[in-house]
Amino acid sequence: MFARVLLFLLFYSTYSTAATVEYEFEIDTKQINITGNSVTALAIADQIPAPTLRAEVGDVLRATFHNRLSETTSVHWHGILLPGIQDGVPYLNTQPIPPGGSHTFEFPILHAGTYWYHSHTDLQIQKGIYGALVLSEPSEESQIQDEVVLLSDWIDDEAESVLHNLKSADDFYAFKKDAVQSWQGVIANGLPAIRNRLNGSYSRMGPMDLADVGYDAFLVNGAQESVVELQDRSSDVIKLRLINGSTSSIFDVEYAGGPMQVLAADGLDIEPILVQRLRMSTAETYDVLVPIEPGKSFELRSTSFDGTGFSSLYVGEGERVAAPTVAAPNLYLMSHGEMDMDMFMPMPEMEMQMETEDHSQHGIDHSAPVIAHMMSYEDIVSLEDTSLPADQEWRDIELELTGNMERYVWSFNGKTASEDPQVWIRRGENVRFHLTNDMMMHHPLHLHGHFFRVVNRHGARSPLKHTVNVPPMASVIIEFNANESADWLFHCHNQFYMKTGMNRVVSYEGSSNFTPEISQLIQPYQRWFNLNEFHMMSSFMDYEFALGNERHEIDFELDADLSDTFEIHLTYNYHINRFVSAFAGVESREHHHEDSHDIAITGLNVTLPMLIDSEWRVDDHGDFRLELESEIPITKRFGFDWRWNTDNEYRYGVNYRLNNRWSITVHTDTEYGDGIGFQFFY
């Protein structure tokens, strides 16, 4: 692999004499119906997924895209080594394709494997702009049928609305997925669940979840169910090129015909390993060899790892053989520190012997042990030594994966891309990223323009990849040879995490073209979000409005009985970290025409152990007040909320949740008395 990289300039200077593989497509809208509702999506060549592109090493790929949309778009070549100007990140190294405009990409093919291409504009992957890219060696003439299996996720809602919902409430889609972590569920699961909840709350971690979005469907090659017809019925195996082209989903993939033999990871060949169930993080690719049988149609089932759904690909014709159902994980029994454990389980000796006798003709070595569920990279072995040049200096960079789930802000080292956009490296050195995830969500990280070593127990033969998942409460080390120039994006490939701050530009000293103007241009189109919550009771109303970005927030709250009592709070908040914010503002209040004042206030909002929100404030008269509040989910639908302060004011309420946005609520308040009504947020 590294030898190919060193030959890059030679290829680039001579590729005009190579064969040119040309494609030309239009990018436009398309009506699509996945769930029974017809919605508008985006498509390349009127296809979702986009057409599969194929080329050979030594070819020149020339692809022209005509933008028929009313918005800009882009195309990124995921995992491909190519000149930076062809990488496809808008403004950073390639200009976006404007409405009515066109762009031609042209670059030499330097390496073989399974890759994909997709939009790098806003959230257009979620809307349908993604497709497979298959690169082959010129001499590669396999007699085995070779099929692309492109996995994705789908939701009818506009992608921008999904992001707004995630910003509005941290459990918005948990309700849709029936994954609300209530105390009823905690108690039903016994002492281990109670201990997990108390430990998590004490350390200020919210209830467990594995995925943020409640998708409507999961797709394989654009449908919830697809079929691969066999072209050569004399063969006993078929090669599947698995691509996780989802927006934010992680899949557990299992084949009904027996263990899969994994041949390649992220496009590069590895020592073959047998895997019964394979975890695929967002943006990863794997090549697998699976057995086929006459008269049988084996299911390849790709289940979202939060257990909310799956897609099915049936391989062959005949009697359908279903893959095992993957049980949804019991989140109550998962602690924050043990969300991923790699399981390695050899097949029993008797079964191994039977597999060898039955399937030795397949070319799959069933005498090898089978990994029951491969969830990490510890068992992946490169075919060759991937050690970096010993004579180069090392640069170590610590990157902590950080975020605020409640505000849905994601970052590296506590800073979003707008606050700290660059990581500096120098050409001709070995770079080591120390990636530490202190959050309870998975983060699949992708580096453009490079392959990196994922350091594992195999040392010099640690695998090369372009995307690596960092599990919750875990650390991963990646290393790469800094043999490029200019600027390359490094980001979480969960699109919602990337668009809310978890990305950096890796810049080469002396050749970077990154400027403050480009930094502004590559920021997400929407960085400021407004949140609204409205209570209308029989005795009072309460309206809360917030407008904020990653760090700054304006908050407005109005309480009133629509007669002679009201309170108005207007504050500016600066969020120091996920647990602390500082605020300053004004309070205006009138109570029954007897107690009225206008005061300036300042203080701190602090999340305390047991997830209690506290406000520590002082006003311009020198008076101090402490206020505490929290919400407690009793069941999926019933919840209890309370607020109390040292002025001996309180509000207690019981809520019945009708859906994601609406609740019926009963409250008692020191100023407004008892009331019944509804709560709504948007």
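The values are calculated or read from the model by the stated rules, or taken from the named source; none is laboratory data. Quick caveat: nothing in here was measured; it's all calculated off a predicted structure. Positions of Cβ are generated from backbone atoms using ideal geometry, with glycine treated the same way; all protein chains shown enter the neighbour counts.
So, Asp564, is that one in contact with a His (Cβ under 6 Å, 6 or more places away or on another chain) and farther than 24 Å from Asn532 by Cβ or not?
Working: in contact with a His (Cβ under 6 Å, 6 or more places away or on another chain): yes; farther than 24 Å from Asn532 by Cβ: yes.
For Asp564, the condition - in contact with a His (Cβ under 6 Å, 6 or more places away or on another chain) and farther than 24 Å from Asn532 by Cβ - is met.
Could we say that Thr515 is surrounded by fewer than 16 Cβ atoms within 10 Å (Cβ to Cβ), out of contact with any helix residue (DSSP H, G or I) (no Cβ under 6 Å at 6 or more places or on another chain) and not charged (D, E, K, R) here? First the steps, then the outcome.
Values: surrounded by fewer than 16 Cβ atoms within 10 Å (Cβ to Cβ): yes; out of contact with any helix residue (DSSP H, G or I) (no Cβ under 6 Å at 6 or more places or on another chain): yes; not charged (D, E, K, R): yes.
So Thr515 fits the description; yes.
Surrounded by 21 or more Cβ atoms within 10 Å (Cβ to Cβ), at negative phi and among the hydroxyl-bearing types (Ser, Thr, Tyr): is that true of Tyr525 in this structure?
On the way: surrounded by 21 or more Cβ atoms within 10 Å (Cβ to Cβ): no; at negative phi: yes; among the hydroxyl-bearing types (Ser, Thr, Tyr): yes.
Spelling it out, it is not the case that Tyr525 is surrounded by 21 or more Cβ atoms within 10 Å (Cβ to Cβ), at negative phi and among the hydroxyl-bearing types (Ser, Thr, Tyr).
Could you please find all residues in segment 383-421 being more than 29 Å from Ala460 (Cβ to Cβ) and not in a strand (DSSP E or B)?
Within segment 383-421, Met405, Glu406, Arg407, Tyr408, Asn413, Gly414, Thr416, Ala417, Ser418, Glu419, Asp420, Pro421 qualify.
So for segment 164-180 (the condition being in contact with a strand residue (DSSP E or B) (Cβ under 6 Å, 6 or more places away or on another chain), surrounded by fewer than 18 Cβ atoms within 10 Å (Cβ to Cβ) and among the charged types (D, E, K, R)), does at least one residue qualify?
Scanning segment 164-180 turns up no residue that is in contact with a strand residue (DSSP E or B) (Cβ under 6 Å, 6 or more places away or on another chain), surrounded by fewer than 18 Cβ atoms within 10 Å (Cβ to Cβ) and among the charged types (D, E, K, R).
Of the conditions (1) in contact with a helix residue (DSSP H, G or I) (Cβ under 8 Å, 6 or more places away or on another chain); (2) closer than 27 Å to His493 by Cβ; (3) buried (at least 20 other Cβ atoms within 10 Å of the Cβ), Arg197 satisfies every one except a single condition; which number is it?
Answer for Arg197: the failing condition is (2).
Working carefully through the options Ala50, Ala55, Ala41, find the one that is over 26 Å from the mean Cα position of the chain (by Cα) and either of a type outside the set (Phe, Trp, Tyr) or within 17 Å of His103 (Cα to Cα) (or both). Outline the logic, then answer.
Numbers: Ala50 fails: over 26 Å from the mean Cα position of the chain (by Cα); Ala41 fails: over 26 Å from the mean Cα position of the chain (by Cα).
Just one listed residue meets the conditions, Ala55.
Check Asp396, Asp379, Asp365, Asp358 and return the single one that is modelled with pLDDT of 95 or more and either over 30 Å from Met205 (Cα atoms) or buried (at least 20 other Cβ atoms within 10 Å of the Cβ) (or both). Give the derivation first.
Numbers: Asp396 fails: either over 30 Å from Met205 (Cα atoms) or buried (at least 20 other Cβ atoms within 10 Å of the Cβ) (or both); Asp365 fails: modelled with pLDDT of 95 or more; Asp358 fails: modelled with pLDDT of 95 or more.
Step by step, each of Asp396, Asp379, Asp365, Asp358 is checked, and only Asp379 is modelled with pLDDT of 95 or more and either over 30 Å from Met205 (Cα atoms) or buried (at least 20 other Cβ atoms within 10 Å of the Cβ) (or both).
Note down all Cβ pairs under 6 Å where the first residue falls in segment 613-638 and is closer than 16 Å to Val180 by Cβ, the second is charged (D, E, K, R), and they're at least six residues apart or on different chains.
Pairs found: Glu631/Asp641; Arg637/Arg657.
Considering each residue of segment 251-262, count those that are under 25 Å from the mean Cα position of the chain (by Cα) and surrounded by fewer than 22 Cβ atoms within 10 Å (Cβ to Cβ), and give that number.
Initially, segment 251-262 is screened for residues under 25 Å from the mean Cα position of the chain (by Cα), giving 251-255, 262.
So of that shortlist, the ones also surrounded by fewer than 22 Cβ atoms within 10 Å (Cβ to Cβ) come out as 252.
Counting residues in segment 251-262 that are under 25 Å from the mean Cα position of the chain (by Cα) and surrounded by fewer than 22 Cβ atoms within 10 Å (Cβ to Cβ) gives 1.
State the number of residues belonging to segment 587-598 that are loosely packed, with under 13 Cβ neighbours inside 10 Å and either under 45 Å from the mean Cα position of the chain (by Cα) or not in a strand (DSSP E or B) (or both).
Summing the residues that are loosely packed, with under 13 Cβ neighbours inside 10 Å and either under 45 Å from the mean Cα position of the chain (by Cα) or not in a strand (DSSP E or B) (or both) in segment 587-598 gives 3.
Which residues, taken from segment 165-184, are aliphatic (A, V, I, L, M) and assigned to a helix (DSSP H, G or I)?
The first filter runs over segment 165-184 and keeps only residues aliphatic (A, V, I, L, M), leaving 166, 169, 174, 179-180.
Within segment 165-184, Leu166, Ala174 meet the criteria.
Is there any pair with a first residue in segment 169-187 that is without any contact (Cβ under 8 Å) to a residue 24 or more places away in the chain and a second that is assigned to a helix (DSSP H, G or I) whose Cβ atoms are under 9 Å apart and which are 6 or more apart or on different chains, and what are they?
Ile187/Ala193; Ile187/Ile194
Considering each of Val162, Val134, Val213 in turn, give the residue that is part of a loop (DSSP other than H, G, I, E, B) and at pLDDT 95 or above.
On the way: Val162 fails: part of a loop (DSSP other than H, G, I, E, B); Val134 fails: part of a loop (DSSP other than H, G, I, E, B).
Matching residue, one of Val162, Val134, Val213: Val213.
Just the residues that are aromatic (Phe, Trp, Tyr) and either at pLDDT below 95 or in a loop (DSSP other than H, G, I, E, B) (or both), please, taken from segment 288-339.
Filtering segment 288-339 for residues aromatic (Phe, Trp, Tyr) gives 298, 305, 310, 314, 332.
Within segment 288-339, Phe305, Tyr332 meet the criteria.
Those residues that are more than 19 Å from Asp396 (Cβ to Cβ) and part of a loop (DSSP other than H, G, I, E, B), I need them from segment 452-473; list them, please.
Within segment 452-473, Arg457, His458, Pro463, His466, Pro471, Pro472, Met473 qualify.
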